[in-house]
1. Which of the following values of semi-axes √(5λ) of the Cα gyration tensor in Å was calculated from the structure shown: [x] 34, 18, 14; [y] 28, 19, 17; [z] 24, 22, 18?
2. So for segment 126-194, taking the charge dipole from beta-carbon charges (+1 Lys/Arg, -1 Asp/Glu), which of Val133, Asn164, Ser175 sits furthest toward the positive end?
3. Which residue, Lys172, Lys193, Lys203, tops the fluctuation ranking in a GNM of the chain built on C-alpha contacts under 10 Å?
4. Expressed as a whole number of Å, what is the distance separating the alpha-carbon centroids of segment 150-190 and segment 73-91?
5. For the cross-link pairs Lys172/Lys212; Lys159/Lys193; Lys160/Lys212; Lys95/Lys193, which exceed 28 Å when the distance is taken from alpha carbon to alpha carbon?
6. Contact order normalised by length for the chain, with contacts defined as Cα pairs under 8 Å and 6 or more residues apart; what percent is it?
7. Let me know the charge dipole size of the chain about its Cα centre in debye, to the nearest 20, where only the beta-carbon of Lys, Arg (+1) and Asp, Glu (-1) is charged.
8. Does segment 126-194 come out rounded, prolate or oblate by the C-alpha gyration tensor, with a ≥ b ≥ c the root eigenvalues, rounded set by a/c under 1.5 and, if not, prolate when a/b is larger than b/c and oblate if not?
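Just so it is clear, none of the values below were taken in a lab; they were calculated from the coordinates. None of these values were measured; they are calculated from a predicted model. Every residue, glycine as well, gets a Cβ built from its backbone with ideal geometry; the counts of neighbours run over all protein chains shown.
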Amino acid sequence: MRKKIMVYIEGGRPPIPSKIKDGHFLIPSAHSELRKGFDEFFRELKALASEHDCELIFYPHGGREEVFDAFERALVNSSNTMNVILVDSEGPVYKTPLEHLMHYGVWKKKPELVDCQCHLMVQIMESWFFADVQALYDYYGEGFKSENIPEEADVENIKKDDVNEALRIATKDTSKGEYKVYDTVNAEAEILKRLNLDIVRKKAPHCDRFFKTIKLFIIS
């Protein structure tokens, strides 16, 4: 049986549950741009999966509650699939990802999973953008104020609110307009496509952890 890895991601709008296949909602075309962004950002993993006859699917699933609900369903209905969750930490992380999520009470009861299935974007997905400011400039172009982006060797130390505010100020005078969290699926996707994965992994330890874990799942 061909190996399959499903990564349930917080981001974008929730898919329309019109069709179900193998226990998963099919992703409608209107929601596919963010998935394409993750496919391109993690293209090295996608290529490795193809080489090992493994299906690696990045599955953006809307808001926090929607993605947790979908992930819990997958744990029950798709036991033959390696199901993984990737969500914003919403703050600093002092525990393992599973402990962090359990501490904040995102599950009503503890699901049957192990820590390597739980991954965090610390403190939010947009933190990754700050690791590679050139990618932001490449997307926004003239009017982008790179001096407003904090320079950190570890972007996970930048507070969530500071990320949002710095990104808003840096983009507000560009032709593409101000970056608005939760309302910018196309911008998220296009920036992800431009990010240098090696740079982000060096400045975002939990992104590096995710990459190494998925790689191990693929080749094992």
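1. The value matching this structure is [y].
2. Ser175
3. Of Lys172, Lys193, Lys203, the most mobile in the Gaussian network model is Lys172.
4. 26 Å
5. On the way: Lys172/Lys212 36 Å; Lys159/Lys193 24 Å; Lys160/Lys212 25 Å; Lys95/Lys193 30 Å.
Check vs 28 Å cut-off fails for Lys172/Lys212; Lys95/Lys193.
6. Working: 364 pairs, mean separation 54.4, N = 220.
After rounding, I find 25 percent.
7. 760 debye
8. Numbers: a/c = 1.38, a/b = 1.33, b/c = 1.04.
Since a/c stays below 1.5, the shape of segment 126-194 is classed as rounded.
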